[in-house]
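**Student:** Okay, here's the structure, questions in a sec.
Computed from the coordinates by the stated procedures, all read-outs in this text should not be read as laboratory data. Because the structure is a prediction, the values reported are computed rather than measured. When we count neighbours, we look across all protein chains shown, and the Cβ atoms used for this are built from the backbone with ideal geometry, even at glycine.
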Amino acid sequence: MRLSDKTISGGSERLWRWIKFECHAEPGSVVFIAGTFNNWKPSGLHKLRDGNRDGTFGTLLKLSTGRHEYRFLVNGVWRSESDDPTRNSVVNVVERPA
């Protein structure tokens with residue numbers, strides 16, 4: 001699996017990176033991720049899987065470079081990774097040095 005792909009669009013180059021997200025919840029939960037990268041709309045494309053059935057839900061998302069805010073939707077309840085549940089979690093995607 002490649003960690004980054006460059007795509008060229010409209011004469012400008014944009015870097016994308018694969019980012020791993022994990023959320024811990026009760027096994028059997030339904031977990032989605034939503035954020036600025038998908039207009040805060042959880043969908044089947046953004047459903048996290050619990051491959052080991054141990055409550056560790058994960059997914060890989062291809063995100064463009066820049067700052068992205070996100071939250072997890074666990075059994076219909078929004079959660080963030082922050083100690084402050086009213087704040088969104090943030091991931092900053094940066095270019096890898098050549």
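**Student:** Based on alpha-carbon atoms only, what is the radius of gyration of the stretch 4-93 relative to the globular estimate 2.2 N^0.38 Å?
**Tutor:** Values: Rg = 14.1 Å, N = 90, 2.2 N^0.38 = 12.2 Å.
Against the compact-globule rule of thumb, the ratio is 1.16.
**Student:** Each residue of the stretch 20-35 in order: what ³J(HN,Hα) in whole Hz does its phi give by Karplus 6.51 cos²θ - 1.76 cosθ + 1.60, θ = phi - 60°, with x for Gly and Pro?
**Tutor:** Taking θ as phi minus 60°, the curve returns 8, 10, 9, 9, 9, 8, 4, x, x, 5, 10, 10, 10, 10, 9, x Hz for the stretch 20-35.
**Student:** Something else now. Pop a pseudo-label 7 angstrom from the Cα along the beta-carbon direction at both residue 30 and residue 88 and give the gap in nm to one decimal.
**Tutor:** Placing both labels 7 Å along Cα→Cβ, they lie 2.4 nm apart.
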